[in-house]
1. Where in the range 74-112 does the amide nitrogen come within less than 11 Å of the point 7 Å from the Cα of residue 19, taken along Cα to Cβ?
2. If I model a spin label at residue 40 and residue 54 as a point 7 Å from the Cα along the Cα→Cβ vector, what separation in nanometres do I get?
3. Using a Förster radius of 35 Å, what is the FRET efficiency between residue 3 and residue 62 based on their Cβ-Cβ separation? Nearest 0.05, please.
4. Rg to Rh for the chain: what is it, with Cα atoms only and Rh by Kirkwood?
5. Top mean-square fluctuation among 76, 43, 87, Gaussian network model of the chain, C-alpha springs under 10 Å?
6. To make sure I understand the rule: partners must be lysines, Cα under 22 Å from the Cα of residue 43, and not fewer than 8 residues away in the same chain. Which ones qualify?
7. Not counting ligands, DNA or RNA, and with a 1.4 Å probe, what is residue 73's accessible surface area in Å² rounded to the nearest 10?
Amino acid sequence: QVQLVESGGGLVQAGGSLRLSCAASGRTFSNYAMAWFRQAPGKEREFVATISWRDRRTYYADSVKGRFTISRDNAKNTVYLQMNSLKPEDTAVYYCAAGRDAGRSWSLYDYWGQGTQVTVSL
């Protein structure tokens, strides 16, 4: 089992920045691909970014490419999502996930956090 706890969400004005953190405990963190997904009210959960466990390759959704950066610190069992140039359409609950392979599909991820709210105002 892997337990994931997100933090760092909040209210920010458009154009601002936030950094989300996801602390993992349980099984060896470094063996898992880590990802961020988000879900806005009335919408399906969507992929945001992922980072592989072996070579730290990263992949991003087109909607966040160039604005968001995913990174991981295996010594601290933590994955981060640096979000810059935030837009109102980035408003959502952001979820951290751990899984076998780095990919865009939620089905690749076996463990999920409870989520942290990000709200971007005009």
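The values are calculated or read from the model by the stated rules, or taken from the named source; none is laboratory data. A quick note: this is a predicted structure, and the numbers were derived from the prediction, not measured. Cβ placement follows ideal geometry from the backbone for every residue including glycine, while neighbour counts extend to all protein chains displayed. Only protein heavy atoms, including side chains, enter the accessible area calculation; ligands, DNA and RNA are left aside. Shrake-Rupley method; radii C 1.70, N 1.55, O 1.52, S 1.80 Å.
1. Answer for this model: 80-83.
2. A separation of 3.6 nm, rounded to one decimal place.
3. Approximately 0.70, to the nearest 0.05.
4. 0.94
5. 43
6. 65, 87
7. My reading of the accessible area for residue 73 is about 50 Å².
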